[in-house]
Structures are given as C-alpha cells and as structure tokens.
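The values are calculated or read from the model by the stated rules, or taken from the named source; none is laboratory data. Computed from a prediction, not measured in an experiment: that's the story for all the values here. Here the Cβ positions follow ideal geometry from the backbone for every residue, glycine too, while neighbour counts run over all protein chains shown.
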C-alpha cells in the first residue's frame, strides 16, 4: 500500500468519529490527521471547517501555497474513497465572503487590515501589500496575509496569478491604495480578459 492508500484507509475508518466529534476534540483530531498526512509529504496541510454543507463536512487538502505540490494534492484528492459524509476538496477554495478573519496564535487579521497596489497591467498581478500593524520581524503577518489571499482568490489562483513584490506597514497617508476585498474583482476582470 502507498502512503496515500494508508492515509485514506485510516481516514475512512475514522471519518464517522471525526465528523461527529470535531467540535468537542478539535486539537486531538487535527493532530491525528496532520500526523497521517505528513507521511505523504511533510508540507501538506488541511482544514476542516466547522460549518456543515447539507450535513457534510469538507476536508480541504492544501499545498500551503507551494505550487510544486499542487499535482500531489490533486492526486491525493483523486484517490479519496467515496465518503458520504464528506466533500474532499483540493486546495483552499475561494470563500466569496465580504470579510474574512483569522487568528494566528494571537495575531488577528482580516480583509479590512490589508491594502494593496498593483504595479503591472497583466497577469500575474504584481502586488505591493500594506498591512495595519505590520511587523517585519513577525512571520505571522506574512503567513496570515497569504492565508487571507487564498480565501479571497482561492489557493490555485492566488499562487498561479499573483506575485507579492513587497509587504509594508499600512499608513493612512499613503495614497493610491485599494482595499483588499476589491482585489477579487480586479483579478477576475484581468483573468477573464486573458482567457
């Protein structure tokens, strides 16, 4: 059996427990899944939102922004068994929400904390990013930004069609900055023109 087969065999055995007990034991379940997933590749990550969709949970498998792992994630999802209580998703999907917030070990970031400027006229978009309270010695800001970018555009599009040129502290006096949420429409328009 391959590592992928072992993972899915284990997950199929545990899926009912995970589905029912996620909210009561999130840390233990997350640790168990992460341990099994890391046997396939140490840089793979996952997410299981607490919200159900038609009684189903989502298992989102992610390359954590590493394009070189996209094919591995797609093949992992393709190998998934049929699990009636689950939707298995490759890469972090676009959320289509007006705002999104994350808490990374005490650092709270949301769309409203991020501003941008595009420095080119084509794809991939070259972005200068400005974040309220940004501290270049605290990696949580960069990680948080990329997680929010994934939720805004979807992981595949965020990695494939954007390049972050620089990240700076936000200052009210900097001109020509746009709110982060508006990046979605600009991106969609440019992608549509390119196709």
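List of remarks:
- Qualifying residue in region 92-105 (condition: more than 18 Å from the chain's Cα centre (by Cα) and over 20 Å from residue 51 (Cβ atoms)): no
- Residues in region 112-148 that are surrounded by 15 or more Cβ atoms within 10 Å (Cβ to Cβ) and out of contact with any strand residue (DSSP E or B) (no Cβ under 7 Å at 6 or more places or on another chain): 3 in all.
- Candidates are the residues of region 161-195 that are in contact with a helix residue (DSSP H, G or I) (Cβ under 7 Å, 6 or more places away or on another chain) and part of a helix (DSSP H, G or I); the one that is modelled with the lowest pLDDT is 191.
- Candidate set from region 64-96 (those that are assigned by TED's automatic domain parsing to the domain that holds residue 40 and loosely packed, with under 13 Cβ neighbours inside 10 Å); member that is nearest to residue 152 (Cα to Cα): 67
- Residues that are in contact with a helix residue (DSSP H, G or I) (Cβ under 7 Å, 6 or more places away or on another chain) and at pLDDT 95 or above, drawn from region 90-101: 90, 91, 92, 94
- Failed item, numbered, when residue 78 is tested on (1) within 14 Å of the chain's Cα centre (by Cα); (2) without any contact (Cβ under 8 Å) to a residue 24 or more places away in the chain: (1)
- Count of residues meeting criterion [under 22 Å from the mean Cα position of the chain (by Cα) and farther than 20 Å from residue 49 by Cβ] in region 146-177: 10
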